[in-house]
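The values are calculated or read from the model by the stated rules, or taken from the named source; none is laboratory data. This is a predicted model, so every value here is computed, not measured. Cβ placement follows ideal geometry from the backbone for every residue including glycine, while neighbour counts extend to all protein chains displayed. These accessible areas exclude ligands, DNA and RNA; they are computed on the full protein's heavy atoms, side chains included. Shrake-Rupley method; radii C 1.70, N 1.55, O 1.52, S 1.80 Å.
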4 protein chains.
Amino acid sequence: MSLNTFGHLFRVTTWGESHGPALGATVDGCPPGVAVDEAMLQHWLDRRKPGQSKYTTQRREPDAVRILSGVFEGRTTGTPVQLMIENTDQRSKDYGEIAQRFRPGHADITYWQKYGIRDPRGGGRSSARETAARVAAGGIAREVLKLLAPEVRITGYMVQMGRLRADRDRFDMAEVENNPFWCPDAAAASIWAGHLDELRKSGNSVGAVVEVVASGVPAGLGAPVYGKLDTELAAAMMSINAVKGVEIGAGMAAAELTGVENADEIFMGNDGRPAYSSNHAGGILGGISTGQDVVVRFAVKPTSSILTPRKTISISGEESEIVTKGRHDPCVGIRAVPVGEAMMACVILDHLLLDRAQTGGARGPIGAS
Amino acid sequence: MSLNTFGHLFRVTTWGESHGPALGATVDGCPPGVAVDEAMLQHWLDRRKPGQSKYTTQRREPDAVRILSGVFEGRTTGTPVQLMIENTDQRSKDYGEIAQRFRPGHADITYWQKYGIRDPRGGGRSSARETAARVAAGGIAREVLKLLAPEVRITGYMVQMGRLRADRDRFDMAEVENNPFWCPDAAAASIWAGHLDELRKSGNSVGAVVEVVASGVPAGLGAPVYGKLDTELAAAMMSINAVKGVEIGAGMAAAELTGVENADEIFMGNDGRPAYSSNHAGGILGGISTGQDVVVRFAVKPTSSILTPRKTISISGEESEIVTKGRHDPCVGIRAVPVGEAMMACVILDHLLLDRAQTGGARGPIGAS
Amino acid sequence: MSLNTFGHLFRVTTWGESHGPALGATVDGCPPGVAVDEAMLQHWLDRRKPGQSKYTTQRREPDAVRILSGVFEGRTTGTPVQLMIENTDQRSKDYGEIAQRFRPGHADITYWQKYGIRDPRGGGRSSARETAARVAAGGIAREVLKLLAPEVRITGYMVQMGRLRADRDRFDMAEVENNPFWCPDAAAASIWAGHLDELRKSGNSVGAVVEVVASGVPAGLGAPVYGKLDTELAAAMMSINAVKGVEIGAGMAAAELTGVENADEIFMGNDGRPAYSSNHAGGILGGISTGQDVVVRFAVKPTSSILTPRKTISISGEESEIVTKGRHDPCVGIRAVPVGEAMMACVILDHLLLDRAQTGGARGPIGAS
Amino acid sequence: MSLNTFGHLFRVTTWGESHGPALGATVDGCPPGVAVDEAMLQHWLDRRKPGQSKYTTQRREPDAVRILSGVFEGRTTGTPVQLMIENTDQRSKDYGEIAQRFRPGHADITYWQKYGIRDPRGGGRSSARETAARVAAGGIAREVLKLLAPEVRITGYMVQMGRLRADRDRFDMAEVENNPFWCPDAAAASIWAGHLDELRKSGNSVGAVVEVVASGVPAGLGAPVYGKLDTELAAAMMSINAVKGVEIGAGMAAAELTGVENADEIFMGNDGRPAYSSNHAGGILGGISTGQDVVVRFAVKPTSSILTPRKTISISGEESEIVTKGRHDPCVGIRAVPVGEAMMACVILDHLLLDRAQTGGARGPIGAS
């Protein structure tokens, strides 16, 4: 019931603030004997790391992860894995003004109202730096998945920046790593680059939509009624900073469909397993995976830390304006891509373990299988 | 960690199948001394009850709730409240065909794959009848809220049926109870009636979008980072049958906004509390309520149980077609409205209790307050 | 986090009061496909049933259990199983006096202090009747264990009544079912019969010690550090009404041993598995099962509902005396035997599922195995 | 559901091995605004620190705790507090032999069987060093209790070493800090000193009984039926390394009492609150605190790491003998005293928060109160 924890059996508790000595994740419930080292995790952290292009915050953090426990001679022992990332580039003075005034659209005011105290340095606990810990934990989840469900592939990418949507007809997954926006549509990425440059220079920021797909997920993961796979994915993605909407498969557009259109018709595939004519369901029916691609999308709002003055109040109740200096992401959606992937990995693994517990991984046979 | 439970402190575990002897909810953690009786709960169940118009299933269920425990002489005792609703109108023969074939878009196939057994009568556990138990539990949550946060008002309504959107300029909340669609736009409701009639007669169904608003929610409810109020609401709504997308405030459209547009600017209200120029945040910042209206929307896909034949397979792997006879909702979104309200009530109460535990309900003062 | 729930994956939530309409258990997380029917569960309930000898309460309850959900055509479906036991012999007038006065040694006063309301009929939620629901749930756990760990045998018995201890040199497990005290020492049982008769007639009651042994438990169940198998057993047994102490293996007497004496020396058994010279550990080391018998003992205090007058106060603060009429167990330890067995079954199964989730049931090999 | 976590709302997750880089505790759910600094926590850690007398392990660990998160300018922020203790005195070579052979009475064998891998250095996760993290977390719990329940006092002490019992007639709590055994009976402490010297020199070890008392606990903490205060205390104490039995109040001896003897008769105290003639209940009735002293005792078995050879087997299944060199506690019960106190502090606080959530801390009035 820890409010800083997610997962049932593969449990991740994150801790730490943006400008404290360190932040990290306590990962409990990891299966034993899994090869894990710091370099493996660093690979994923480097993808989320700030300062890699002019489109992300210029804070210079190595985000070097240390494994403090739970791994012995390169393999997990089944006991808690402590992952620590030290904060090194902390320019607290950048945040002087916001200690007294609340940024509109930011957690400043609600943290103050709830706790009567807040760490104003870099947003404290509400900083997107918290997501580094998720990415590290997700790195462990990926190594376990490699052993237990080696067919699983997880791919995240941006499909929309502001009003500019990528074109699915041009999608080429090989392009995702070729542009700073993780965009599978190279033409869109090029347009986005110019658009974001303008916004950044004008002291503004912009929202985005990220899609994360998990292929190779076995049928049968998830559970009715409150532990549905889609419920858990919705919670996992909504828990990422600045996310305001989550969709599974057809998502909000499912409202526009008729039952005739929405039915993903079922056939027998050549591999002797069920195949489907479409995937409006996003790979999940009744909260349980079908074996199709699991498809999740989420909307990330624009950063509230902008250089354009906005009206606000201070702790003492005085009305004023605020401008947030410092080093901020003009489009936080970009760095949310590896975070969404990490959350997907953790949720899939967690439900793989839950399913193994309850059913032993056995499946109701269809046809000759 | 029960997968059929939601809530941290006000915990609701639902149980039961569509065509078994009964279904219900075990509510644990309810504060003591709250006036609750069966008639109070029945009021809410009657709003969700099937067969009230030609636009919902013609199954005739009284949905009469019995309180089996946890209430003594009309007041809660602080011990578990057991709510039971007996199933009375079970025409199991209606479901003969679907025992062997899987309805496309339905949980039939995934339950089979996961468990190797399923109760085919009316969808068993995956039936929307499960939501009756949520509504009953939500009725208790409302009574507790009346005592602990009497300003809270929860209102749900439909804002879209298929491609037809209600017009916010015509919204009149007094209209919500005047049409079978819980629609605040009377003109839209009239158009929807004709549209749904046509769909129903043609053996089809349609999706919908439901919006639920909680006003009067105190600032300070929720918690970073995985117990965010919006995370919990996303999970609560996504756990409702057929929901494929959840939005908070601006929702998916937040992606289209710039930081300048998205900032809900802050002023001092006449009541000495913070006031806002807009509510893109949907009443939640950093996972914690601001005191503004908490606004959630969710998309409900069309029923997969339709009279139009769809291609599918049987358990033995034979390809065939399926038509679902029986008594189904042409637009399940309609009856999802009271369910969404119930989930909102439970989540708000749960976080009110969590906040009382951690902070004692004290608030960081702003201005003279 | 429900306070009326135990178990991680095999989760049991009990509900109901002694004199309400019914009580029961909601069992979530049960593996699918397990043969379960009401008669199987009734077998265990009948062992706990009151009124079977003059040594237990003369209340006449059939304790007939009904399965309301989660079982289809005689097999579990993997969804919540609702077990309901209706209360039929409720002579509430027997409890008139204790509605205003608190029985010394009873939960009357603390329920009142905590909740400001209590159901005085038969102790309400604090009644030992609640344990009927545990026994029913334990019956399901036993059926699952039969499939997943068929070597497991669970046996409970009384080893002490008041100051009278059974003699381990005379233990014959075949005797357990031959006397009303579940005592493996027939001679002791005979002495206890006379002793309890006297106490009962004098309006007094007496305590007892119960031992529960699980043999055939696979090595490897349990987990450091707070989910230890012994931690969970201690909690499970201490949660039974009137229990004041719990021991694993040598128990409190372990304090008297030296390290040389306490060491259960290890050999290689003829079956190629580790064998031990003794079992001071009670089958658990570092919180994890060794494969030896798991041995738990607990002390049950004497019933506080006695005919001998005791000094007390009333709700209005007046000092007085109280005598509890009604039908009470002179030695509640007797009926605690099947309850302790049920708790053992639930805990062992829960950890079997947890272990299957984390390790897949694989074991670190010793020797040729 | 993390198996390395305890607590419902004040949640403590410990992590780390004896000879890894560090160990610690993640504390979530702490109320905000509580004054906490490293020196306050160090005070408690120093009491548990090894090497303080010849009666405890000669390992030289400063056990210096660092606060990595959740505290800003000396006050808790309500977000997770990360407590880290670096391991500095790690002589891993001391443990060479036990990497292949299992110490009888130690977790060596069960960790191997469960996980197929274990960190043999100093017992890895099963080392009593883990309890340092509990003591640090308990230090935070104490600071919160000072604010929320300032009357609470927690005192632990040893009442038995081997067969030698302290004499309650000679108890003087002022003596507890005056001898290395935390013994309130100065005469017993003196005898124990000689006894333990002999055992230590002969390469042996011995068990002990520790008692922990919490006075000033408000009536009303705890909950039926599985979240009972005594259930939680039993689990908390049984989770401490080497504990084999837990007693509340009269404990196992409750079995010897009659109902007449066991009744703690109730009067009206001079302070207008209920007073009791005795405290067999150990301050808890029906799982809820009465306002009397909460009294818990637990038995600690003797260390299995001894210099006297014991028979065992190796991983490859060969029978042999083992002698454990290295620096071990001849009576681990001694250092369990501050650990038991810490667990008591955490459990009491957790239930104080739970009670505040459900009842708001209101109490059913008795008499004029």
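With respect to (1) modelled with pLDDT of 95 or more; (2) open to solvent by 10 Å² or more (accessible area, probe 1.4 Å), the lone exception for D:Ser369 is condition (1). Restricting attention to the stretch A:113-136 and to residues that are within 16 Å of A:Thr324 (Cβ to Cβ) and among the small types (Gly, Ala, Ser), the residue that is most open to solvent (accessible area, probe 1.4 Å) turns out to be A:Ala128.
Determine whether D:Leu23 is in contact (Cβ under 8 Å) with a residue 12 or more places away in the chain, in contact with a helix residue (DSSP H, G or I) (Cβ under 7 Å, 6 or more places away or on another chain), among the hydrophobic types (A, V, I, L, M, F, W, C) and open to solvent by less than 10 Å² (accessible area, probe 1.4 Å). Here the answer is yes, as D:Leu23 does meet what is asked. With respect to the conditions (1) open to solvent by less than 10 Å² (accessible area, probe 1.4 Å); (2) farther than 26 Å from C:Lys54 by Cβ; (3) out of contact with any Cys (no Cβ under 9 Å at 6 or more places or on another chain), C:Ile140 falls short on a single one, namely (3).
Going by the structure shown, is D:Ala275 farther than 30 Å from C:Ala166 by Cβ, open to solvent by 10 Å² or more (accessible area, probe 1.4 Å) and either in contact with a strand residue (DSSP E or B) (Cβ under 8 Å, 6 or more places away or on another chain) or part of a helix (DSSP H, G or I) (or both)? Yes, satisfied. Taking the stretch C:56-67 as the range and being closer than 14 Å to C:Ala25 by Cα and either free of Cβ contacts under 8 Å to residues at least 40 places away in the same chain or touching a Gly at 6+ places or on another chain (Cβ under 6 Å) (or both) as the test, the residues that pass are C:Ala64, C:Arg66, C:Ile67.
Would it be correct to say that B:Ala193 is open to solvent by less than 10 Å² (accessible area, probe 1.4 Å), more than 14 Å from chain A (Cβ to nearest Cβ), in a helix (DSSP H, G or I) and more than 30 Å from A:Thr131 (Cα to Cα)? No: the conditions fail for B:Ala193. Taken over the stretch A:310-320, residues that are open to solvent by less than 30 Å² (accessible area, probe 1.4 Å), assigned to a strand (DSSP E or B) and facing chain B (nearest Cβ under 7 Å) amount to 2. Can you confirm whether the stretch A:88-104 contains a residue that is touching a residue at least 24 places away in the same chain (Cβ under 8 Å), within 23 Å of A:Val12 (Cα to Cα) and surrounded by fewer than 20 Cβ atoms within 10 Å (Cβ to Cβ)? Scanning the stretch A:88-104, I find no residue that is touching a residue at least 24 places away in the same chain (Cβ under 8 Å), within 23 Å of A:Val12 (Cα to Cα) and surrounded by fewer than 20 Cβ atoms within 10 Å (Cβ to Cβ), so the answer is no.
Taking first residues from the stretch D:232-257 that are closer than 15 Å to D:Lys301 by Cβ and partners that are of a type in the set (Phe, Trp, Tyr) and open to solvent by 10 Å² or more (accessible area, probe 1.4 Å), the Cβ contacts under 9 Å between residues at least 6 apart in sequence or on separate chains come to D:Ser239/C:Tyr226; D:Ser239/D:Phe6. Within the stretch C:143-157, if we keep just the residues that are over 16 Å from C:Val294 (Cα atoms) and touching a residue at least 12 places away in the same chain (Cβ under 8 Å), the residue that is least open to solvent (accessible area, probe 1.4 Å) turns out to be C:Val144. Kindly indicate whether any position in the stretch C:200-214 is acidic (Asp, Glu) and either within 19 Å of C:Thr57 (Cα to Cα) or in a helix (DSSP H, G or I) (or both). The answer is no; no qualifying residue exists. Within the span defined as the stretch B:321-330, one or more residues are in contact (Cβ under 8 Å) with a residue 24 or more places away in the chain and not in a loop (DSSP other than H, G, I, E, B). Which ones in the stretch C:202-213 are more than 7 Å from chain D (Cβ to nearest Cβ) and either closer than 28 Å to D:Arg125 by Cα or surrounded by fewer than 24 Cβ atoms within 10 Å (Cβ to Cβ) (or both)? Hits for the stretch C:202-213 are C:Ser202, C:Gly203, C:Glu211, C:Val213. For the stretch D:283-309, filtered to residues that are part of a strand (DSSP E or B) and aliphatic (A, V, I, L, M), the residue that is farthest from D:Arg165 (Cα to Cα) is D:Ile288. If I filter the stretch D:291-301 for residues that are more than 30 Å from D:Ser126 (Cα to Cα), open to solvent by less than 20 Å² (accessible area, probe 1.4 Å) and in contact with a Ser or Thr (Cβ under 8 Å, 6 or more places away or on another chain), do I get at least one hit? No, the conditions are met nowhere in the stretch D:291-301. Filter the stretch D:113-123 down to the residues that are at pLDDT 90 or above, part of a helix (DSSP H, G or I) and in contact with a helix residue (DSSP H, G or I) (Cβ under 8 Å, 6 or more places away or on another chain), then identify the one that is nearest to A:Val34 (Cα to Cα). Taking the candidates together, the pick is D:Tyr115. List every residue pair whose Cβ atoms sit under 8 Å apart, with the two residues 6 or more apart in sequence or on different chains, where the first one lies in the stretch A:285-303 and is within 7 Å of another protein chain (Cβ to nearest Cβ) and within 14 Å of A:Gly222 (Cα to Cα) and the second, anywhere, is open to solvent by 10 Å² or more (accessible area, probe 1.4 Å) and in a strand (DSSP E or B). Going by the 8 Å Cβ cut-off, the qualifying pairs are A:Thr290/A:Pro274; A:Thr290/A:Tyr276. Could you check the stretch D:100-139 and list, in sequence order, the residues that are of a type in the set (A, V, I, L, M, F, W, C) and farther than 26 Å from C:Phe267 by Cβ? The answer is D:Ala128, D:Ala132, D:Ala133, D:Val135, D:Ala136, D:Ala137. Within the stretch B:252-267, does at least one residue satisfy the condition of being in a strand (DSSP E or B), surrounded by fewer than 24 Cβ atoms within 10 Å (Cβ to Cβ), within 14 Å of chain A (Cβ to nearest Cβ) and not aliphatic (A, V, I, L, M)? Within the stretch B:252-267, one or more residues are in a strand (DSSP E or B), surrounded by fewer than 24 Cβ atoms within 10 Å (Cβ to Cβ), within 14 Å of chain A (Cβ to nearest Cβ) and not aliphatic (A, V, I, L, M).
Those residues that are open to solvent by 60 Å² or more (accessible area, probe 1.4 Å), in contact (Cβ under 8 Å) with a residue 12 or more places away in the chain and hydrophobic (A, V, I, L, M, F, W, C), I need them from the stretch C:165-190; list them, please. Scanning the stretch C:165-190 gives a single hit, C:Met173.
Quick one: would you say A:Thr110 is within 14 Å of chain B (Cβ to nearest Cβ) and either part of a loop (DSSP other than H, G, I, E, B) or open to solvent by less than 10 Å² (accessible area, probe 1.4 Å) (or both)? Yes; evaluated as a whole, the condition is true for this residue.
Filtered by the rule that a residue be open to solvent by 20 Å² or more (accessible area, probe 1.4 Å) and more than 8 Å from chain C (Cβ to nearest Cβ), the stretch D:214-240 gives D:Ser215, D:Gly216, D:Pro218.
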